[in-house]
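The values are calculated or read from the model by the stated rules, or taken from the named source; none is laboratory data. As the structure is a prediction and not an experimental result, all values here were calculated from the model. Using ideal geometry, Cβ is built from the backbone for each residue, glycine included, and neighbour counts are taken over all protein chains shown. All accessible areas refer to the heavy atoms of the entire protein, side chains included, with ligands and DNA or RNA removed. Shrake-Rupley method; radii C 1.70, N 1.55, O 1.52, S 1.80 Å.
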Amino acid sequence: VLFIIAIISLIMFLFISLNLNSFSNIDLTVNKFSESIQIPSLVEIAKIVGYIFEPINIIIFSLIISIFLYIKRFKKDSIFFATITLIAGFFTLIYKNLTQRARPLNSLVIESDSSFPSGHSMISLILFGFLIYFSLKYTKSKSKRIGIIIICLFLILLIGLSRIYLNVHWFSDVLAGFSLGAFLLFFLIIVREIEGDKNFRKI
């Protein structure tokens, strides 16, 4: 199942990347709609969300989590999480430099880098996706697992929607960010689980 999700995510990302012009009408429609429902108080909240979950902030926070996990003797999970976080940051820089896509002209936040893909969306999906994976793997309480999943999914959607709401990204930027993030997350989870099975068989 994880392999299928990873492949679908990769196909979706590549499809969006190669057909950005096909999304122009959808992007413009969503952009105009978000502009029409902007409320000053919600705009400020969206700006705070964007600032807190800046890709560099998430990467630093993720590395801190990795160090904490290493200290707590979850060494392989800590290395796995640090690796996927750094790879995600690397992929973001590469694609932004390759596409050089302009951001919406009505953006409420000044950003100097390329619009595609949304780094906020990709990095946040990897961070909170990993927390979901980690909780499913180690949290025994079903209610706690459900609570963690709901909170993480809410934050992923909140961050993605906040980028669209501020008109700092096109809809396709966010969708592509989620797709690439999902591919990297699920692909590396598969690698992590295969490695775990090998070690288990050795024992």
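Observations
- Subset of the range 69-85 [open to solvent by 100 Å² or more (accessible area, probe 1.4 Å) and farther than 17 Å from Lys137 by Cα]: Ile71
- Residue selected from the range 158-172 under the condition under 19 Å from Asn19 (Cα atoms) and assigned to a loop (DSSP other than H, G, I, E, B), by the criterion most open to solvent (accessible area, probe 1.4 Å): Trp170
- Residue in the range 13-33 that is open to solvent by less than 80 Å² (accessible area, probe 1.4 Å), farther than 21 Å from Ile164 by Cβ and of a type outside the set (S, T, N, Q) present: yes
- Residue, nearest to Ile39 (Cα to Cα), within the range 102-146, restricted to residues that are modelled with pLDDT under 90 and β-branched (Val, Ile, Thr): Val109
- At least 3 residues being within 21 Å of Ile87 (Cα to Cα) is the threshold, and among the helices (runs of 4 or more DSSP H) wholly inside the range 1-75 those reaching it are 2-18, 55-71.
- Being open to solvent by 60 Å² or more (accessible area, probe 1.4 Å) and either in contact with an Asp or Glu (Cβ under 9 Å, 6 or more places away or on another chain) or closer than 30 Å to Glu195 by Cβ (or both) holds for only one residue in Phe61, Phe53, and it is Phe61.
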